[in-house]
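Below: one structure, written as structure tokens.
What follows draws every value from the coordinates through simple rules; no lab data is involved. Small disclaimer: the values here were computed from a predicted structure and weren't measured. Quick reminder, even Gly has a Cβ in these numbers, built from the backbone with ideal geometry, and neighbours come from all protein chains shown.
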Amino acid sequence: MTIKPILHQKTFKELTTDELYELLRVRSEVFVVEQNCVYQDMDGDDQKSIHLWLTVADMIVALARVCPAGTHMKEISIGRVITTERGKGYGKQIMLYAIDAAIEYFCATLIDIEAQEYAKGFYESVGFKQSSDTFMLDGIPHIKMTWTKE
């Protein structure tokens, strides 16, 4: 029997200290430790963003944040996308929820992401299209990708 993940969606001010700690812990675990990438995760954009995460049995299995235009990128953007349980569809679920949140909170008709190049196919599966050449970000090849509301 598959357990359906629970969606959590909050502004920064709505987050409890325990929720914030856990989101930052998972981001650090994946981006800094697992990917061996030293970078400044707490970049000042969290306070303006919508935070989304999925839990199964109180464990975070996926997360993302939606940033308003003019914060992380010029346009509305989605970032800090993580799945801790790969191959179960949680990444796709969190991205679809993040797109919905971008529309709901920021009236998005266009969303940008800075995707790690290897994940291009994944982001294409939720409607993003490559919109830049490859560039290096924190020592990892990335591409800009754009989602446009139809």
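Once every DSSP H run of n ≥ 4 in the chain is given -39500 (n - 2.57) and the sum is divided by its residues, what mean residue ellipticity at 222 nm do you get, rounded to the nearest 500 deg cm²/dmol?
-6500 deg cm²/dmol
Could you run the Karplus curve 6.51 cos²θ - 1.76 cosθ + 1.60 with θ = phi - 60° over the stretch 87-103 and give me ³J(HN,Hα) per residue in whole Hz, x for Gly and Pro?
My calculation for the stretch 87-103 gives x, 10, x, 5, x, 5, 4, 5, 5, 5, 5, 5, 4, 4, 5, 4, 5 Hz in order.
What lysines sit close enough to residue 13 to cross-link, taking a C-alpha to C-alpha distance under 21 Å and skipping anything fewer than 8 places away on the same chain?
48
How charged is the neighbourhood of residue 2? Take every other residue with its Cβ under 14 Å from the Cβ of residue 2, and add Lys/Arg as +1 and Asp/Glu as -1.
After counting each charged neighbour, the total is +1.
From Cα pairs below 8 angstrom and at least 6 apart in sequence, can you work out the relative contact order of the chain, rounded to a whole percent?
Across the chain, relative contact order equals 18 percent.
Apply the Karplus parameterisation 6.51 cos²θ - 1.76 cosθ + 1.60, with θ equal to phi minus 60°, to every residue of the stretch 128-140 and state each ³J(HN,Hα) to the nearest whole Hz, in sequence, with x for glycine and proline.
Ordered by residue, 3J(HN,Hα) equals 7, 10, 4, 10, 7, 6, 5, 9, 8, 9, 6, x, 10 Hz.
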